[in-house]
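Enquirer: Handing you a structure now.
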Amino acid sequence: MATPEDFFPEIEIGQTIGMVDEQTIPCLVGAGGVTKGYNVKFSDIDTFPQVVTAAGAAKAHGVALKTGVEDDTVDVLVYGITKQYAGGAIVAGVPVKSDAAHKPVTGGVFADAYGVSFQKAGEADDEILIFVGAR
């Protein structure tokens, strides 16, 4: 399959594009750490917002904008556009959810999604734009 054209080659995985007013939240990193450009979910704690990686059936709430280990503080994109590695083939304009590797895959329904694909991905690890928080 043909790799989608990268219209923003200067933008790294997990970096925001800035086409819309972005919303980020500083969060404490929970057990296991998080990786820049990968999906995260909020932990069920009653103190400072904490995130852990979102995998499989876990609903993602945003994308880590920095790699961090437990107890680090990282910014999490909860609304805006970022570049991510696709978890598999994705059609442009569909809801996306997190897969077992914390990457976007076709989400099926908006209730399960953390965003919408802006580009088509022909296969896993294609670099595509995701609108995080769009539903």
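We did not get these values from a lab; they are worked out from the coordinates using the rules stated. This one's a predicted model, so the numbers in the text were calculated from it and none came from an experiment. Note that each Cβ is placed from the backbone with ideal geometry, even for glycine, and that neighbours are counted across all protein chains shown.
Enquirer: Out of residues 5 or more away from Gly62 or on other chains, whose amide H comes under 5 Å of its own, with H placed 1.01 Å from N in the peptide plane?
Expert: Here the answer is Val40, since their amide H atoms fall under 5 Å of that of Gly62.
Enquirer: I would also like to ask the following. Take the chain, drop everything but the C-alpha atoms, weight them equally and run the Debye formula without solvent; then report log10 I(q)/I(0) at 0.15, 0.20 Å⁻¹ to two decimals.
Expert: -0.62, -1.09
Enquirer: Using amide H atoms built 1.01 Å from N in the peptide plane, name the residues 5+ places from Ala134, or on other chains, whose amide H lies under 5 Å from its own.
Expert: Gly80, Val116
Enquirer: When the Karplus curve 6.51 cos²θ - 1.76 cosθ + 1.60 is applied with θ = phi - 60°, which whole-Hz ³J(HN,Hα) does each residue of the range 75-80 get, with x for Gly and Pro?
Expert: Each residue's phi maps through the Karplus curve to give 7, 10, 7, 10, 7, x Hz.
Enquirer: Same structure, new question: Given R₀ = 41 Å, what would the calculated FRET efficiency be for Asp71 paired with Glu5, taking r from the Cβ atoms and rounding to 0.05?
Expert: 0.55
Enquirer: Could you give each residue of the range 99-104 its phi-based ³J(HN,Hα) in whole Hz, using Karplus coefficients 6.51, -1.76, 1.60 with θ = phi - 60°, and x for Gly or Pro?
Expert: Taking θ as phi minus 60°, the curve returns 9, 5, 9, 6, 10, x Hz for the range 99-104.
Enquirer: Val109 versus Ser43, label points 7 Å from Cα toward the beta carbon: distance in nm?
Expert: 3.0 nm
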